[in-house]
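The values are calculated or read from the model by the stated rules, or taken from the named source; none is laboratory data. The model shown is predicted, which means the values in this text are computed figures rather than measured ones. Reconstructed Cβ throughout: ideal geometry from the backbone, glycine too, with neighbour counts over all protein chains shown. Each accessible area value is taken on the protein alone, full model and side chains, heavy atoms only, with ligands, DNA and RNA left out. Shrake-Rupley method; radii C 1.70, N 1.55, O 1.52, S 1.80 Å.
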Amino acid sequence: MNRNDKTARIAHVFSGTFVHSTLRAAVEILQNCVLGVDDKGKIAFIENHQDVVSLSEIWGFETSDIKQLGQYEFLMPGMVDTHIHASQYSYTGTALDLPLLEWLNTYTFPVEAKYKDLDFANNVYTKVVRRTLKNGTTTACYFATIHTDASLLLGELADSFGQRALVGKVCMDCNSAYPNVKPVVTPRFAPSCSSSLLSELGEIANNNKLHIQSHISENKEEVELVKTLFPDCKSYTDVYLKHNLLTDKTVMAHGCHLTDEELEIFRETGSAISHCPNSNISICSGMLNVRNILNHKVKLGLGTDVAGGYSPSMLDAMRRTIDTSKALTIQDPQHKTLSFEEVFRLATLGGSEALSLDDQIGNFVVGKEFDALRVNVCVPDGPIDLFPGECPKVILEKFLNLGDDRNITEVYVAGRQVVPFPDTK
Ligand code: GUN
Ligand code: FE
């Protein structure tokens, strides 16, 4: 309970139940605890409530300022969407009738061309940032488009709404004014990039220690196409490896059809996979075996992949992750289905690891930034009914399976309350 940093002041103190993942436990439920956030947005302490008086003396806050969580409330870490196309948000929920390569040509490329118009971009990007924040995505790893001005606008909007984000148009040093919005080097995928473009992007990323994102082995036709386009490479993974695009700050979406040998390369390089199950089913790409990825000790987070995936909500990404895992168990009863606890971890701590942000976010550890959701499972006219005797773990499970943005009453990023939106937004 020692206070190391004597300069920080306490900005918020919450008391009640806290749910998060740790390296040892997929779900740890801390009841009757108090959590303090300092004025730099970092978690200052998380301790038993019985010590609240001495905590208030050590840290200099008034116990009357404590935010008391109700019986049916808890705080959980904000969710990390490791793969979302902000530029495809306008047609989310439609256009799911074609496989990847035709889907790109028919629906995606014509819409993405519109982002040279900043008014169009402003409208869609404002809506996607608001929608995802309201649904509890405190960190989003965005694909924008080839348009620099519109990509910068997405970064500006994420910053102004207070969302933590990686924004992908290649823009190494353009966003450095925003503490929680960073650029991510974004080759779309191997079929749409020449070898020289991939090499240049690899060099830019490595020289500037930047994040990298792309797509890999999403659909079988795409994998075959990559073989013909890069005949000198042993595999799809080898294409990115040869161009220095697999680093410990790389996140590759999908990976449905990666071989075990390719997964070894992911593990060795520290590169991560973003699992996008809604998209994988919606455009019939494949079913990623997450258990196999985890057994290979490859970092993995979840993504919505809007608009290949029809839902912008990470709660949906968790549910679809379980559905796919169960479908794999139906095919092979030996397959060990993912538990809801494991999937909760993937949406929070796992996502932070996949984006190499786990030293900053992902769970409630002292010194990390306070990215959190205040969840109330009992909101009036809400989607969840509770019955007597339900323990916090059952309540968590009900929220993960039945909850929606009505249950996410407050959202914090880096200690700042960003939902409900201020009146000016
Ligand atoms: N592969 C290359 N581009 C895309 C995209 O926009 N969406 C999906 N799902 N896969 C891709
Ligand atoms: Fe994608």
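Brief remarks on what is shown
- Any hit, segment 250-258, residues being in a helix (DSSP H, G or I) and in the same structural domain as residue 99 (by TED's automatic domain parsing): no
- Among the candidates 58, 43, 84, the residue that is away from ligand 1 (no atom under 16 Å from the Cβ) and either closer than 30 Å to residue 183 by Cα or assigned to a loop (DSSP other than H, G, I, E, B) (or both) is uniquely 43.
- For first residues located in segment 96-108 and under 16 Å from residue 223 (Cα atoms) and not assigned by TED's automatic domain parsing to the domain that holds residue 282, partners that are acidic (Asp, Glu) and open to solvent by 60 Å² or more (accessible area, probe 1.4 Å) and lie 6+ apart or on another chain with Cβ distances below 8 Å do not occur.
- Failed item in (1) more than 21 Å from residue 364 (Cβ to Cβ); (2) in contact with a His (Cβ under 8 Å, 6 or more places away or on another chain), with residue 415 passing the rest: (1)
- Among the residues of segment 175-209, those identified as more than 16 Å from ligand 1 (Cβ to nearest atom) and either in a strand (DSSP E or B) or small (Gly, Ala, Ser) (or both) are 176, 177, 181, 182, 183, 195, 196, 199, 202, 205.
- Scanning segment 87-139 for residues that are assigned to a helix (DSSP H, G or I), within 12 Å of ligand 1 (Cβ to nearest atom) and open to solvent by less than 30 Å² (accessible area, probe 1.4 Å) yields 87, 88, 91, 100, 103, 104, 108, 111, 112.
- Among the residues here, residue 303 does not qualify as within 16 Å of ligand 1 (Cβ to nearest atom), in contact with a Cys (Cβ under 9 Å, 6 or more places away or on another chain), open to solvent by 10 Å² or more (accessible area, probe 1.4 Å) and within 27 Å of residue 145 (Cβ to Cβ).
- Every residue from segment 300-341 that is acidic (Asp, Glu) and either within 16 Å of ligand 2 (Cβ to nearest atom) or outside any helix (DSSP H, G or I) (or both): 305, 316, 332
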